[in-house]
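Down below is the structure, laid out as C-alpha cells.
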2 protein chains.
Amino acid sequence: MTDQPSFDSDFRDRLDQLFAWRRDVRRFDTRALDEATIPALLTTACTAPSVGLSQPWRLVRVRDAARRASVRSIFERCNAQALALQPTERAGLYARLKLSGLNEAPEHIAVFVDPATELGGGLGRATMPETIGYSAVLAIHTLWLAATAQGIGVGWVSILHPDEVAQALDVPAGWRLVAYLCIGYPLEHSDTPELERAGWERRVPPADFVLER
Amino acid sequence: MTDQPSFDSDFRDRLDQLFAWRRDVRRFDTRALDEATIPALLTTACTAPSVGLSQPWRLVRVRDAARRASVRSIFERCNAQALALQPTERAGLYARLKLSGLNEAPEHIAVFVDPATELGGGLGRATMPETIGYSAVLAIHTLWLAATAQGIGVGWVSILHPDEVAQALDVPAGWRLVAYLCIGYPLEHSDTPELERAGWERRVPPADFVLER
C-alpha cells in the first residue's frame with residue numbers, strides 16, 4: 001500500500017504533547033483496567049520495528065500473587081543493595097525516592113527477549129547482537145506511548161536481578177529480561193520527570209548532547 | 001503541572017496509524033531536508049525516558065563526506081561477511097535485499113551512549129547496566145515516530161562494527177554505538193515491513209508472543 005495517511009500539524013502538536021507528558025510512573029491507583037486494555041496494548045507493542053523482523057519480544061502478563069510477591073522481594077533486595085552503594089551525601093535522598101509501583105499497579109508485564117529465535121534469520125545481528133534487546137525496547141516504548149494516550153501510566157522497573165526474575169516467572173530457558181513494567185492509572189500527571197521533581201537529577205539541554213562530524 | 005492534555009479517540013486512532021505506517025526505510029529520495037528539521041528531531045528525541053534520568057544519548061550528525069564514506073565501507077565489509085554466513089538457500093535472497101540507505105539518505109545520525117556519564121548517579125543501572133543502551137533506543141524511537149509524522153523516513157543500520165564506526169567518527173573514548181540512522185524522504189510508503197514484502201520474514205500474530213504467569 002502506498003497511500004500513507006497524512007499526519008497534520010494538529011496531530012504532530014499533540015504527538016509532541018504525548019512525548020512531553022509521558023512519564024515513568026511509580027504512583028498508581030489500584031483500580032483495575034478494563035479487561036480488553038492489556039491485550040490491546042500488547043498487540044500495539046508488536047507493531048514496533050525489530051532487527052531483521054525477528055520480533056524477539058516475549059510478553060509475560062504476571063497475575064499470580066505469589067509470583068508478584070517474588071518479584072517484589074527481588075526488587076526490595078536489589079534496592080537495599082543499591083542504597084548501600086550510594087555515596088553518603090545522596091543516600092538520604094535515594095532512600096526517600098519511590099522507585100516502583102509494584103505494590104499498587106494493577107497490571108504487571110515482564111518483557112523478555114528470546115535471543116535464540118530463528119525469526120529474522122539473524123539478519124542485522126551479527127556485529128551488534130545487542131539489537132535483539134533493543135527490539136524489545138522499541139516494543140516497550142510503543143506500548144508506553146499508546147498507554148499514555150489512554151491516560152494509563154507505565155513504570156519501568158530495572159532494579160532487579162534479571163535471572164532471578166526469569167526464575168520466579170518460570171519462563172523458557174534462555175529468555176532474558178529486558179524490563180518489568182507496572183501498568184495502571186497514575187495518581188498524578190506531570191510534564192516533569194519524577195526524579196527531577198524529587199531533586200535527584202535535572203534534564204540537560206538537548207544541544208549539549210549533539211556533535212557534528 | 002497536573003493538567004495533562006487529554007488525548008481523544010481521534011488522536012489515538014491516528015497514533016495507531018502512525019505505529020502501523022512507521023517503516024524502517026532504506027530507499028530514500030536524495031532531496032535535502034529543511035535546515036531546521038534535524039535539530040528539532042534531535043530535541044524531540046531527548047524527551048525520551050532514560051534510566052535514572054541519565055540522558056546517556058550522544059547524537060552525532062555526520063556531514064563530512066569522508067567520514068560518511070568510511071561508514072559506508074564498514075557497512076559494505078560487514079554486509080559481505082554477513083552474506084557469506086547465510087545458508088545456501090537464503091544467500092540469493094539476502095544478496096537481493098537492500099539493507100541500507102547510506103548512499104542516498106541526505107542525513108546521517110550516529111547514536112552513541114556514554115556509559116560513564118555521571119548523570120543519574122547510576123540509579124537503576126546496578127543490576128541491569130544494559131539499560132543505558134536501552135535509554136538511547138527510547139530516544140531513537142521517539143525521533144523515528146516524530147519523523148514519520150512529518151513524512152520523513154528513518155532507517156536503522158546495524159550491520160556495522162561499532163568500534164570501527166566510533167573510530168571513523170572520532171568520538172570521545174568510551175562512547176558506544178547504539179545505532180546509525182539514515183534519514184530523509186522515503187521513496188515509498190507502506191504499512192508492511194520491507195523484509196516481509198521481500199519474502200525474508202513474516203510478522204507473527206502478537207498473541208503468539210504472550211504468556212500468562
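When we screen A:ARG90, A:ARG125, A:ARG63 for residues that are within 22 Å of the chain's Cα centre (by Cα) and of a type in the set (D, E, K, R), the only hit is A:ARG63.
Pull out all pairs, ordered by first then second residue, where Cβ-Cβ is under 6 Å, the residues are six or more apart or on different chains, the first lies in segment B:53-78 and is on the phi > 0 side of the Ramachandran plot, and the second is β-branched (Val, Ile, Thr) and at pLDDT 95 or above. Note: pairs meeting the criteria are B:GLN55/A:VAL204. The one condition from (1) within 20 Å of the chain's Cα centre (by Cα); (2) touching a residue at least 12 places away in the same chain (Cβ under 8 Å); (3) within 26 Å of A:SER135 (Cα to Cα) that A:LEU15 does not meet is (2).
So in segment B:140-162, with the set limited to residues that are assigned to a helix (DSSP H, G or I) and among the polar types (S, T, N, Q), which one is farthest from the other protein chains (Cβ to nearest Cβ)? The extreme case among them is B:THR148.
For segment B:73-99, a residue qualifies if it is in a helix (DSSP H, G or I), of a type outside the set (A, V, I, L, M), more than 8 Å from chain A (Cβ to nearest Cβ) and surrounded by fewer than 16 Cβ atoms within 10 Å (Cβ to Cβ), and the qualifying residues are B:SER73, B:GLU76, B:ARG77, B:THR88, B:GLU89, B:GLY92, B:ARG96. Among the residues making up segment A:103-116, those that are surrounded by fewer than 22 Cβ atoms within 10 Å (Cβ to Cβ) and assigned to a loop (DSSP other than H, G, I, E, B) are A:ASN103, A:GLU104, A:PRO106, A:ASP114, A:PRO115, A:ALA116. Contact map, segment A:180-208: residues that are free of Cβ contacts under 8 Å to residues at least 12 places away in the same chain paired with residues that are of a type outside the set (A, V, I, L, M, F, W, C) and in a loop (DSSP other than H, G, I, E, B), Cβ distance under 6 Å, separation 6+ or inter-chain. Pairs shown: A:GLU196/A:ARG202; A:VAL204/B:GLN55. From the list A:ASP3, A:ASP34, the one residue that fits, being surrounded by fewer than 22 Cβ atoms within 10 Å (Cβ to Cβ) and modelled with pLDDT under 95, is A:ASP3.
Figure legend. Inter-residue proximity from segment A:101-112: first residues in contact (Cβ under 8 Å) with a residue 60 or more places away in the chain, second residues among the small types (Gly, Ala, Ser) and part of a loop (DSSP other than H, G, I, E, B), beta-carbon distance below 9 Å, spacing 6+ or different chains. Indicated pairs: A:PRO106/A:ALA32; A:GLU107/A:ALA32. Which one is farthest from B:ARG125 (Cα to Cα) among residues in segment A:100-135 that are more than 9 Å from chain B (Cβ to nearest Cβ) and of a type in the set (A, V, I, L, M)? Once the filter is applied, the top-ranked residue is A:ALA116.
The values are calculated or read from the model by the stated rules, or taken from the named source; none is laboratory data. Everything quoted here is computed from the prediction, not taken from an experiment. No Cβ is skipped: glycine too gets one built from the backbone with ideal geometry, and neighbour counts run over all protein chains shown.
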